[in-house]
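Chemist: Please find one structure pasted underneath; my questions will follow.
Each value in this text was obtained by applying a stated rule to the coordinates, not by laboratory testing. Quantities reported herein were computed from a predicted structural model and do not represent experimental measurements. Glycine gets a Cβ as well: all are built from the backbone with ideal geometry, and neighbour counts include every protein chain shown.
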Amino acid sequence: MSLDLSIIIPAYNEEDRIGNSLSEILKYLSNSDSRTELIVVDDGSSDKTAAVAEEICAGSPDIPSRVIRYEANRGKGFAVKTGILAAAANIALFSDADLSTPIEEAEKLIAPIRNGEYDVTFGSRALDRSLIGTHQPWRREQGGKVFNLVVRLMTGMPFWDTQCGFKAFDLTKFRPLLDVMKIDRFGFDVEFLYVSKLRGLRLKEIAVRWNNDERSKVSVIRDSVRMFDEVRQIRGNAKAGIYGKTDAD
Ligand SMILES: Nc1nc2c(ncn2[C@@H]2O[C@H](COP(=O)(O)OP(=O)(O)O)[C@@H](O)[C@H]2O)c(=O)[nH]1
Ligand SMILES: [Mg+2]
């Protein structure tokens, strides 16, 4: 049976949240006629994330699912890339393990890819702020705006929210680009979008609902410093020609 969609959930120390989220996704899938597989990537968790995920998945044997696990924590970017390499469908969606963007929003991202209109679609909290129910803490939200401004200035990309944990890809076009992707932690989203754009894929930022779950795993200081450094690396890689050339070059 061929699959229409692979849903990828990167997960790091998510034993408290992932059970509910996977149950919701499985319920959503059992009510839809899309043939979808669910791939959980346990990013070197030190808790029972993988065991919880396996147990929930085993409860829905009709829906193809698997849990991939590796021992060392490598970062969300590495986890998402691992999921993309394992995906069997031609379209993949990744979502944060806390479902801050409800899984019902998936169709907004997938339909434009299925229709052949776009190659990469990504959720945005900046285009229609009325869709945000629970906001991130004030500092985090302001930090996010500053980060996106820096991304715009440093990469020239015209997007307003590169960091929402809800993105979809035409894998026939996107998977070949993974070879040049270098960023393994939270800056990976910027590299995904930057390289996709550079290599001529069609990108679309799409307003989605968002209800922040306050049990964040992000360490504001450590992860912000890393993310700014990753954006700097992306710019350096671009200048060094690591991402390949555009037609204009
Ligand atoms: N913090 C963190 N999250 C990771 C890592 N690898 C994968 N993730 C996943 O990245 C997603 C976003 O994390 P979350 O704490 O919800 O971020 P926030 O909502 O932006 O504060 C979740 O699905 C995490 O489980 C990692 O190394 N560190
Ligand atoms: Mg979250």
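Chemist: When M227, M154 are ordered from fewest to most other Cβ atoms inside 10 Å of their Cβ, what list results?
Modeler: Going from sparsest to densest Cβ surroundings: M154, M227.
Chemist: Grab the beta carbon distance between R129 and M154, set R0 = 35 Å, and tell me the FRET efficiency rounded to 0.05.
Modeler: According to the calculation, E is roughly 0.90.
Chemist: Out of V190, V146, V67, any idea which swings most in a Gaussian network model of the chain, alpha carbons joined below 10 Å?
Modeler: In this elastic network of the chain, the residue with the biggest mean-square fluctuation among V190, V146, V67 is V146.
Chemist: Projected area of the chain, taken from the Cα convex hull and averaged over every viewing direction, in nm²? Write out the running numbers ahead of the final one.
Modeler: Working: hull surface 51.4 nm².
Projected area, direction-averaged: 12.9 nm².
Chemist: Between L178 and D4, how high is the FRET efficiency from 1/(1 + (r/R0)^6) when r is the Cβ-Cβ distance and R₀ = 25 Å? Nearest 0.05.
Modeler: Here the calculated transfer efficiency is 0.75.
Chemist: Using 23 Å as the Cα-Cα cut-off, could you pick out the over-long pairs in K27/K167; K197/K217; K81/K217; K76/K239; K27/K204; K48/K76?
Modeler: Check vs 23 Å cut-off fails for K197/K217; K76/K239; K27/K204.
Chemist: Then there is this: Compute the semi-axes of the equivalent ellipsoid of the stretch 13-63, taking the square root of 5 times each eigenvalue of the Cα gyration tensor, and list them largest first in whole Å.
Modeler: Taking √(5λ) for each eigenvalue gives 21, 10, 9 Å, largest first.
Chemist: Using +1 on the beta carbon of Lys and Arg, -1 on that of Asp and Glu, and nothing else charged, what's the dipole of the stretch 1-119 about the Cα centre, debye to 20?
Modeler: Working: 11 positive and 21 negative charges, 62 e Å.
For this selection, approximately 300 debye.
Chemist: Would you report the distance distribution of C-alpha pairs in the stretch 149-190 as whole percents per 10 angstrom bin, up to the bin with the largest distance?
Modeler: 23, 52, 25, 0
Chemist: Another question, then. Where nothing but the Cβ of Lys and Arg (+1) and of Asp and Glu (-1) is charged, how large is the charge dipole of the stretch 5-239 around its Cα centre, in debye to the nearest 20?
Modeler: 1060
Chemist: A further question on this structure: Would you work out which of I8, G165, S34 lies farthest towards the positive end of the dipole of the stretch 5-239? Charges go on Cβ: Lys and Arg +1, Asp and Glu -1.
Modeler: Going by the Cα projections, it comes out as G165.
Chemist: Within a 10 angstrom radius of the beta carbon, how do T36, T172 rank from fewest other beta carbons to most?
Modeler: Neighbour counts put them in this order, fewest first: T172, T36.
Chemist: Same structure again: Relative to the longest principal axis of the chain, what angle (0 to 90°, nearest 10) does the C-alpha long axis of helix 138-155 take?
Modeler: 50
Chemist: Got a sec? Charge dipole of the chain, +1 on Cβ for Lys and Arg, -1 for Asp and Glu; which of A240, G143, N73 is way out at the positive end?
Modeler: A240
Chemist: Please give the Cα centre distance for the stretch 9-76 versus the stretch 91-161, rounded to the nearest Å.
Modeler: A separation of 21 Å, based on Cα centres.
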